[in-house]
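J.: Sharing a structure below in structure tokens format, with a few things to ask.
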Amino acid sequence: MNEGLYFEGMSLLDFARGPAFRWAVAIFIIGIVWRLTALLLVSPKRLEPVKGSATSGGVRTMLTRSAPAHELEKNIIFQHYSGYAWHISMFIVLLFFAPHMMFFKQILGFGWPTLPNLFITFFAVVTMGILLVLLARRLMNPVLRQISTMDDYVSWIIAFLPFLTGIMSFTHITFGMQYETVLALHILSICLLLVWFPFGKLMHALFIWPSRYKVGAAFARRGVRA
Amino acid sequence: MSATTIDYGTLGERAAAGLKPKALSDEQRIARAKEAFLAGIDADMATYLESCIHCGMCAEACHFYISTGDAKYTPIYKLEPLKKVYRRELAPTRWLNRLTTRDITVAELQDWKELAYDSCTQCGRCSLLCPMGIHIQSMIQVVRNGIAAAGLAPAELQAVSDEQRDKATIFGAGPDKLREVAERVRAKGIEVPLDKDKAEVLVLSSALDFLKDDALLAATAKIMNKLGANWTIRSDGFESANFGALAGDVQAQRRISKRVIDAAIAIGAKKVIVAECGHAYPVLRWEAATLYGKELPFEFLSVAEYLGQEVKAGRLKLKKAGNGASHVTFHDPCKLGRMGGSFDDARNVLSALGVKLTEMESHGRTNLCCGGGGGVAMLKGAQGLRQKAFELKREEVERTGAPTVVTACNTCMQTLETGKAWLNWDKDIVNLVQLVSDNLA
């Protein structure tokens, strides 16, 4: 039997691992499908003869947009590399922390090598540090402040919580809570992320592909590499 | 070597004085704007509007933001009214968005006039930087469509759009002016085959070119005659410029494009050569057939493209350019290059002219706009902003060390000339057609 919080005979951890997670996954999947219906609107057929293949231009831009031309990139060095550092660190922590891999193994049926905890701690700290810096930037930079919406701040909190609760449960710095409670909070923070994912900017993880494809195709039709 | 500078701002101001404001209630303006926004949003735009992560990187591609540091010039911010209408009316999560997104107001549309017109030349540079791949440039046109539908487009552009739609003239210059200028060119001993019934090549001109002098028409005619082309200019379809597109008035844009299409079909043209007029090229080459509703039996080529092709095919022979044009840099017109797909054509011509070409740091698809495109040159209120943005262009030109700037767009040409006057600049500004015409072998 687990330590920690109980509610009507079910531990918080059992709730988090069980019904909460299942519902979160269901909302995640249904929500994504629903949000993606935006792609189903009609686009008029262009009748002008093309200068290049839209398809190959679109596919190319899906990749090449990760490294814009020097004269464009030179003004966004900080955002560009902090973005890379955050996403790479996030995926390392998500995929190469041993307990995470074990979790995926339960679902997928196969596992993969993991990284020593010291590395994972390092990358988790990096992600949190970058998130804090980017939040400060969003609050202070006039360009960002002006275009920021509630979604940006909600999504920030939702992306930050799994790291905070993860580090807490991993380091056992639990502020007086039972370990099981903190672990439950960690799983619940993931549930929250899954539930929020289709409704906020986290969806960019999916939208980035059709969007890049479409801009690449639009420019390629005109014979321009985008 | 420089052409006469036309003060578009003053011409625009004069035209605007004659425009009667549309008497619409606030509700009507909002309803019309929304209708135009929703009509303009297709699946591609919906994808773009869903994708924005509010990173603000697009600001760093925009010459108006870079040169002023003013946050309001952030490209994606210029789409705010469109974004709002999409979020509230069309997005799959609209029920959720309505809780956090307020409806658009007339005051907002009025404020956005400056952002969608004065401070956006629709150069498309931001569309090349956005990490999410959002085609911001394409959506600015829809914002303009909405503002114009609400009767709030800049008076300068709306007045000329109405004039061109109804009378086929720009600043009062139409078919009569064309005939008069053609006569003047003929008087110089250069044949201008006006209004032939049948011709392979239909050459377009623009009132903007011949308002002050006949130099460009003469240069174009000289080249076409030298090539021995079966060509004509039609007084019922000669205008490259499309103020309907610039104002954001879709109906006017369609009607104005149709004149050229009808003339080309009537004479059985195989090629239609668009004059050195920036926006005209994408409007005709990349939008006209779709608006017309049918594929066209001829091809649109910009004059730079045509010259490039003729040089490449060996039909256009040029001698080495003199007159101080031995070392040049080429200013890619945004609408011809990034938004049109023609980069090498002008360069092939320059190479045939034997000139030394030193490229600017931002050239080809990442070229920096001169600040005059998209109708901005006509807006007197935008002049201060243009001067600041022009500074970026000047710096890049200076770094090449070339004494001459060549370009292939009349608006770029006028903007560079105006910048030259502002700065007391020692650069020579030359357009490609003139350079070719002066150096025919």
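J.: Please state which one of A:LEU192, A:LEU206, A:LEU188 is more than 20 Å from A:LEU40 (Cα to Cα), modelled with pLDDT of 95 or more and under 13 Å from the mean Cα position of the chain (by Cα).
T.: None of the others qualify; the one that does is A:LEU192.
J.: Mind listing whichever residues of the range B:289-334 are touching a Cys at 6+ places or on another chain (Cβ under 7 Å) and in a loop (DSSP other than H, G, I, E, B)?
T.: Across the range B:289-334, the qualifying residues are B:PRO333, B:CYS334.
J.: Let me ask another. Give the number of residues within the range A:40-99 that are of a type outside the set (Ser, Thr, Tyr) and away from every other protein chain (no Cβ under 13 Å).
T.: Of the residues in the range A:40-99, 12 are of a type outside the set (Ser, Thr, Tyr) and away from every other protein chain (no Cβ under 13 Å).
J.: Turning to a different aspect of this structure: Just the residues that are small (Gly, Ala, Ser) and crowded, with 19+ Cβ neighbours inside 10 Å, please, taken from the range A:73-97.
T.: A:SER89
J.: So which residues in the range B:235-278 are surrounded by fewer than 21 Cβ atoms within 10 Å (Cβ to Cβ) and either in a loop (DSSP other than H, G, I, E, B) or of a type in the set (Ser, Thr, Tyr) (or both)?
T.: Scanning the range B:235-278 gives B:SER235, B:ASP236, B:GLY268, B:LYS270.
J.: Write out, first by first residue and then by second, each pair whose Cβ atoms fall under 6 Å of each other, whose residues are 6+ apart or on separate chains, and whose first residue, in the range B:138-164, is more than 14 Å from chain A (Cβ to nearest Cβ) and at positive phi while the second is surrounded by fewer than 24 Cβ atoms within 10 Å (Cβ to Cβ) and not hydroxyl-bearing (Ser, Thr, Tyr).
T.: Pairs found: B:GLY151/B:LYS22; B:GLY151/B:LEU24.
J.: State all residues of the range A:156-193 that are buried (at least 19 other Cβ atoms within 10 Å of the Cβ) and either among the charged types (D, E, K, R) or not in a helix (DSSP H, G or I) (or both); if no residue qualifies, say none.
T.: A:GLU180, the sole residue that qualifies.
J.: Only one of these conditions is not met by A:SER211: (1) more than 8 Å from chain B (Cβ to nearest Cβ); (2) without any contact (Cβ under 8 Å) to a residue 40 or more places away in the chain. Which number is it?
T.: (1)
J.: Something else about it: Select from the range A:137-154 the residues that are within 8 Å of another protein chain (Cβ to nearest Cβ) and of a type in the set (A, V, I, L, M, F, W, C) and write down the one among them that is surrounded by the fewest Cβ atoms within 10 Å (Cβ to Cβ).
T.: A:MET150
J.: Same structure again: Looking at B:THR93, B:THR74, which is the one that is crowded, with 17+ Cβ neighbours inside 10 Å and farther than 23 Å from B:ARG144 by Cα?
T.: Exactly one of B:THR93, B:THR74 is crowded, with 17+ Cβ neighbours inside 10 Å and farther than 23 Å from B:ARG144 by Cα, namely B:THR93.
J.: Considering each of A:PHE110, A:PHE219, A:PHE175, A:PHE122 in turn, give the residue that is among the aromatic types (Phe, Trp, Tyr) and within 14 Å of chain B (Cβ to nearest Cβ).
T.: Every option except A:PHE219 fails the conditions.
J.: A follow-up question, please. Yes or no: the range A:22-31 includes at least one residue that is over 30 Å from B:THR93 (Cα atoms), loosely packed, with under 15 Cβ neighbours inside 10 Å and at pLDDT 95 or above.
T.: No, because not a single residue in the range A:22-31 is over 30 Å from B:THR93 (Cα atoms), loosely packed, with under 15 Cβ neighbours inside 10 Å and at pLDDT 95 or above.
J.: Another question about this same structure. Specify the residue that is nearest to B:GLU156 (Cα to Cα); the eligible residues are those in the range B:77-110 that are more than 13 Å from chain A (Cβ to nearest Cβ) and among the acidic types (Asp, Glu).
T.: Going through the qualifying residues, I end up with B:GLU108.
The values are calculated or read from the model by the stated rules, or taken from the named source; none is laboratory data. Keep in mind the model is a prediction, meaning the values are calculated, not measured. No Cβ is skipped: glycine too gets one built from the backbone with ideal geometry, and neighbour counts run over all protein chains shown.
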